[in-house]
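A short write-up of the structure that comes next.
The values are calculated or read from the model by the stated rules, or taken from the named source; none is laboratory data. Every value quoted in this text rests on a predicted model; they were computed, and no experiment measured them. Using ideal geometry, Cβ is built from the backbone for each residue, glycine included, and neighbour counts are taken over all protein chains shown.
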């Protein structure tokens, strides 16, 4: 496992960014806490996770070797999370990693935590041999979009005359 990444936090305190251990009760609790905070935020839909999701999320992710998560800690306080899921690029015939969730507690936003989480996720994606990172962002989440663009993300397109990709969904179960 790569060494922890250290970023500057408030008042000179360090924030530690590291790969989550799904087998750790502390990491599991932090992951659910942070994802629930994100889900409850307007950018995450404004609704807390269901009791089912809160109770089963980490154990279900642990069953899937294509999943990994990165956590940010300020001392014993979890402050940020990135959940990633490996997929496959048929055009490149290589793995890709989708950054599925990016969550930073509101009082830590704008302090570099999100960027460090994504850089750590990128390091793990590269270690898996991934050809690219993907993510989706709501059009109104301008601060997140600025961060992603600063880190090298751009709208997906193959041929500029065909435009950029749209992220669409169709619910199969509610």
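Could you tell me whether residue 38 is touching a helix residue (DSSP H, G or I) at 6+ places or on another chain (Cβ under 9 Å), closer than 18 Å to residue 110 by Cβ and modelled with pLDDT of 95 or more? Yes. Among the residues of the stretch 1-35, just one is part of a helix (DSSP H, G or I), more than 16 Å from the chain's Cα centre (by Cα), closer than 16 Å to residue 104 by Cα and modelled with pLDDT of 90 or more, namely 29. For the stretch 154-165, does any single residue satisfy the condition of being modelled with pLDDT of 95 or more and touching a strand residue (DSSP E or B) at 6+ places or on another chain (Cβ under 8 Å)? Taking every residue of the stretch 154-165 in turn, none turns out to be modelled with pLDDT of 95 or more and touching a strand residue (DSSP E or B) at 6+ places or on another chain (Cβ under 8 Å). Answer with yes or no whether residue 127 is more than 16 Å from the chain's Cα centre (by Cα) and modelled with pLDDT of 95 or more. For residue 127, the condition - more than 16 Å from the chain's Cα centre (by Cα) and modelled with pLDDT of 95 or more - is met.
To keep it simple, each residue is scored yes or no on (1) closer than 23 Å to residue 157 by Cβ; (2) surrounded by fewer than 22 Cβ atoms within 10 Å (Cβ to Cβ); (3) in contact (Cβ under 8 Å) with a residue 60 or more places away in the chain.
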site	(1), (2), (3)
71	no, no, no
87	yes, yes, no
90	yes, yes, no
107	no, yes, no
112	no, yes, yes
117	no, no, yes
122	yes, yes, no
130	yes, no, no
139	yes, yes, no
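So, restricting to strands (runs of 3 or more DSSP E) that lie completely within the stretch 55-152, which ones have at least 2 residues that are under 17 Å from residue 16 (Cβ atoms) and touching a helix residue (DSSP H, G or I) at 6+ places or on another chain (Cβ under 6 Å)? Give the steps one after another, and end with the answer.
Details: elements: 67-74, 77-89, 94-104, 133-135.
Per the criteria, 67-74, 77-89, 94-104.
For residue 22, are the conditions met, namely being surrounded by 17 or more Cβ atoms within 10 Å (Cβ to Cβ) and either under 18 Å from residue 136 (Cβ atoms) or without any contact (Cβ under 8 Å) to a residue 40 or more places away in the chain (or both)? No, not satisfied.
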